[in-house]
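**Student:** To start, I am sharing the structure in question, which I have written as structure tokens.
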Amino acid sequence: MLARHGLPTEGFGSFVLVEGEHLYTKSDAAIRVAELLGWPYRAARVGRLILNGLRDFMYDIVADNRYDWFGQKDQCMIPDEDVSDRVL
């Protein structure tokens with residue numbers, strides 16, 4: 001899927017959302033997911049007012065520090081049947 005969208009297939013460690021023919025990465029993907037979740041998360045769309053380079057820089061800072069700031073689970077969530085077809 002990465003190769004099909006022109007992204008590197010090795011060493012690629014970013015958040016990617018594919019929605020139909022649209023591909024979103026980093027902060028664009030996070031904002032789009034928030035929009036799809038509905039209110040109040042949809043309010044994250046105001047983040048698009050920030051320049052993409054600055055927004056992705058801030059995304060990288062959060063991504064690099066998320067476990068220190070928010071903790072880490074001992075195991076991954078297993079998706080329910082209603083969402084398992086949407087998760088790779």
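The values are calculated or read from the model by the stated rules, or taken from the named source; none is laboratory data. Worth saying up front: this structure is predicted, and the values here are computed from it rather than measured. Cβ sites come from the backbone with ideal geometry, for glycine too, and all protein chains shown count toward neighbours. Just the protein is used for accessible areas: all its heavy atoms, side chains included, with ligands, DNA and RNA removed. Shrake-Rupley method; radii C 1.70, N 1.55, O 1.52, S 1.80 Å.
**Student:** Could you look through the stretch 3-17, keep only residues that are under 23 Å from ILE61 (Cα atoms) and hydrophobic (A, V, I, L, M, F, W, C), and pick out the one that is most open to solvent (accessible area, probe 1.4 Å)?
**Tutor:** PHE15
**Student:** With the checklist (1) open to solvent by 50 Å² or more (accessible area, probe 1.4 Å); (2) under 18 Å from GLY13 (Cβ atoms); (3) in a helix (DSSP H, G or I) in hand, flag the one item CYS76 doesn't pass.
**Tutor:** Just one mismatch for CYS76, condition (3).
**Student:** State all residues of the stretch 37-49 that are open to solvent by 60 Å² or more (accessible area, probe 1.4 Å) and in contact (Cβ under 8 Å) with a residue 12 or more places away in the chain; if no residue qualifies, say none.
**Tutor:** Narrowing the stretch 37-49 to residues open to solvent by 60 Å² or more (accessible area, probe 1.4 Å): 37, 39-42, 45-46, 48-49.
If the condition is that a residue be open to solvent by 60 Å² or more (accessible area, probe 1.4 Å) and in contact (Cβ under 8 Å) with a residue 12 or more places away in the chain, then ARG45, ARG48 are the ones that fit.
**Student:** With ARG32, ARG55, ARG4 as the choices, which residue is of a type in the set (D, E, K, R) and in contact with a helix residue (DSSP H, G or I) (Cβ under 7 Å, 6 or more places away or on another chain)? Even if it seems obvious, please write down each step before you answer.
**Tutor:** Values: ARG32 fails: in contact with a helix residue (DSSP H, G or I) (Cβ under 7 Å, 6 or more places away or on another chain); ARG4 fails: in contact with a helix residue (DSSP H, G or I) (Cβ under 7 Å, 6 or more places away or on another chain).
It is ARG55.
**Student:** Within the stretch 39-46, identify whether any single residue is of a type outside the set (Gly, Ala, Ser) and within 12 Å of the chain's Cα centre (by Cα), and answer yes or no.
**Tutor:** Applying the first criterion (of a type outside the set (Gly, Ala, Ser)) to the stretch 39-46 yields 39-42, 45-46.
From the residues that got through so far, the ones that are within 12 Å of the chain's Cα centre (by Cα) too are none.
Scanning the stretch 39-46, I find no residue that is of a type outside the set (Gly, Ala, Ser) and within 12 Å of the chain's Cα centre (by Cα), so the answer is no.
**Student:** When only residues in the stretch 50-59 that are of a type outside the set (Gly, Ala, Ser), open to solvent by 50 Å² or more (accessible area, probe 1.4 Å) and not in a loop (DSSP other than H, G, I, E, B) count, which is nearest to VAL83 (Cα to Cα)? First the steps, then the outcome.
**Tutor:** Initial filter on the stretch 50-59 (of a type outside the set (Gly, Ala, Ser)): 50-52, 54-59.
If we keep only those that are open to solvent by 50 Å² or more (accessible area, probe 1.4 Å) too, we end up with 50-52, 54, 57-59.
In the following step, the residues that additionally are not in a loop (DSSP other than H, G, I, E, B) were identified as 52, 54, 57-59.
On the way: ASN52: 29, LEU54: 32, PHE57: 30, MET58: 29, TYR59: 25 Å.
Ranking the qualifying residues of the stretch 50-59, first place goes to TYR59.
**Student:** Taking the stretch 23-36, which residues are in contact with a Lys or Arg (Cβ under 8 Å, 6 or more places away or on another chain) and either open to solvent by less than 40 Å² (accessible area, probe 1.4 Å) or at pLDDT below 90 (or both)?
**Tutor:** SER27, ILE31, ALA34, GLU35 - these are the residues of the stretch 23-36 that are in contact with a Lys or Arg (Cβ under 8 Å, 6 or more places away or on another chain) and either open to solvent by less than 40 Å² (accessible area, probe 1.4 Å) or at pLDDT below 90 (or both).
**Student:** Also: Determine, yes or no, whether TYR67 is surrounded by fewer than 13 Cβ atoms within 10 Å (Cβ to Cβ), more than 14 Å from SER14 (Cβ to Cβ) and at pLDDT 85 or above. Can you show your working first?
**Tutor:** Details: surrounded by fewer than 13 Cβ atoms within 10 Å (Cβ to Cβ): yes; more than 14 Å from SER14 (Cβ to Cβ): yes; at pLDDT 85 or above: yes.
For TYR67, the condition - surrounded by fewer than 13 Cβ atoms within 10 Å (Cβ to Cβ), more than 14 Å from SER14 (Cβ to Cβ) and at pLDDT 85 or above - is met.
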